[in-house]
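Inspection log for the structure reproduced underneath, given as structure tokens.
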Amino acid sequence: MGKYFQVDGKKLHQQYKDHLSGFKQWKQLSHAEDWMLFPKNLGPFLSIDETALSQGELYTIIINKQAHGKKGSIVAMVKGTSANDVIKVLRRIPQKDREMVKEVTLDMAPSMEKIIASSFSKAIQVTDRFHVQKLVYDAVQEIRIKYRWEAIELENIKIQNARKTGKKYVPEELKNGDTLKQLLARSRYLLFKNCQKWTNSQEQRALILFQKYPLLEKVYNLAMRLGQIFSNSASKTEAFNKLAFWFKEVEDLDLKSFQTVLRSFQMHYETILNFFNNRSTNAAAESFNAKIKSLRAASRGVSDVSFFLFRLAKLYA
């Protein structure tokens, strides 16, 4: 705009900030960097998540899902992830209004559970199914990475032995042209995808991968089956029964990472199963995080936190 009106861009920005935007008169300016609160945006269905502004500084953000990421979305935004700090801010909203909240989606962080239990005592907590599935995907990737390190070490030994004999080491190529090390590195993304969505090259790579590492095929199928339980179960009861069989298969594997996943399920199974009430996820909060990142990129970073939060509030609060 500065170029269009033949005005220095930095000067125009400063004039907008100091005189045209209303920033200096903003009622929340004095405490914006620590917390912002918009009680009128409270609704029956909320999401809570953490978001980063600049240099990894985290804020806890509560979103009204019925605003669909537009004006009226932000209910509160509090610096840090301390449950007590967030609860202190939310309790500025009258209790009778907070008791109108019916459901809140969240991840598995204990601090988030504490915030909701204390601030919205009548709300049902729903643990986001995608956070649950991500734990399982991470466990699958851990096994792939373990095999990759073994392949790298094996190649190092072969190179060392070849040098001792004065020969040039030539790695063995698999049917698709990958070496074993490359196969394990390039299989990362296909292990996140349903096999029906694999490309031809991914399908070929998966076939070789699973032939060489049957355990990877087993844990991949377990991860995909969990997603199908969430997608295809019609009720809590049906999902509970299917999950019982799934748990038994995980127990039989006796893998450390999957046992950790199982314990996480056991600690949160009630709130995980609440997904089947309304099939609610934390997608609203994840989508809003993307909007914050987009605004941050458009602003070329966050040099003035208070002004960035003011702009964020103007757009989404």
*Would you pick out the residues in region 216-243 that are open to solvent by less than 50 Å² (accessible area, probe 1.4 Å), more than 22 Å from the chain's Cα centre (by Cα) and hydrophobic (A, V, I, L, M, F, W, C)?*
LEU216, ALA239, LEU243
*What tally of residues in region 20-55 results from selecting those that are over 16 Å from VAL75 (Cβ atoms) and aromatic (Phe, Trp, Tyr)?*
2
*Pairs only if they're at least six apart or on different chains, beta carbon under 8 angstrom, first in region 245-261 and in contact (Cβ under 8 Å) with a residue 60 or more places away in the chain, second of a type in the set (Val, Ile, Thr); list them, first residue then second.*
LEU255/ILE143; LEU255/VAL219; SER257/ILE143; PHE258/VAL136; PHE258/VAL219; PHE258/VAL250; VAL261/VAL136; VAL261/VAL250
*Check on ILE152, buried (at least 17 other Cβ atoms within 10 Å of the Cβ) and under 27 Å from VAL219 (Cβ atoms)*: no
*What helices (runs of 4 or more DSSP H) lie completely within region 233-317 and have 3 or more residues being of a type in the set (Lys, Arg) and either under 18 Å from ASP49 (Cα atoms) or modelled with pLDDT of 90 or more (or both)?*
236-253, 283-298
*Evaluate the following for ALA285: is it surrounded by 19 or more Cβ atoms within 10 Å (Cβ to Cβ) and without any contact (Cβ under 8 Å) to a residue 40 or more places away in the chain?*
no
*How many residues are in a helix (DSSP H, G or I) and open to solvent by 30 Å² or more (accessible area, probe 1.4 Å) when one looks only at region 156-201?*
19
*asked:* So ASN161 passes all but one of these: (1) within 30 Å of GLN266 (Cβ to Cβ); (2) among the polar types (S, T, N, Q); (3) more than 27 Å from the chain's Cα centre (by Cα). Which condition number does it fail?
replied: (1)
*Do you know which of the residues in region 18-31 that are more than 22 Å from ASP97 (Cβ to Cβ) and open to solvent by less than 80 Å² (accessible area, probe 1.4 Å) is modelled with the lowest pLDDT?*
ASP18
*May I ask you to list the residues in region 203-215 that are under 13 Å from GLN182 (Cα atoms) and buried (at least 18 other Cβ atoms within 10 Å of the Cβ)?*
ARG205, ALA206, LEU209
_Every residue in region 123-137 that is part of a helix (DSSP H, G or I) and open to solvent by 70 Å² or more (accessible area, probe 1.4 Å), please._
PHE130, LYS134
*Return only the number of the condition from (1) modelled with pLDDT under 95; (2) closer than 22 Å to SER121 by Cα that LYS71 does not satisfy.*
(2)
*Verdict on ALA223 being outside any helix (DSSP H, G or I) and either out of contact with any Gly (no Cβ under 7 Å at 6 or more places or on another chain) or modelled with pLDDT under 95 (or both)*: no
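The values are calculated or read from the model by the stated rules, or taken from the named source; none is laboratory data. None of the values given here were measured: they were computed from a predicted structure. Every residue, glycine among them, receives a Cβ derived from its backbone with ideal geometry; neighbour counts consider all protein chains shown. Calculation scope for accessible area: heavy atoms of the full protein, side chains included, ligands and nucleic acids excluded. Shrake-Rupley method; radii C 1.70, N 1.55, O 1.52, S 1.80 Å.
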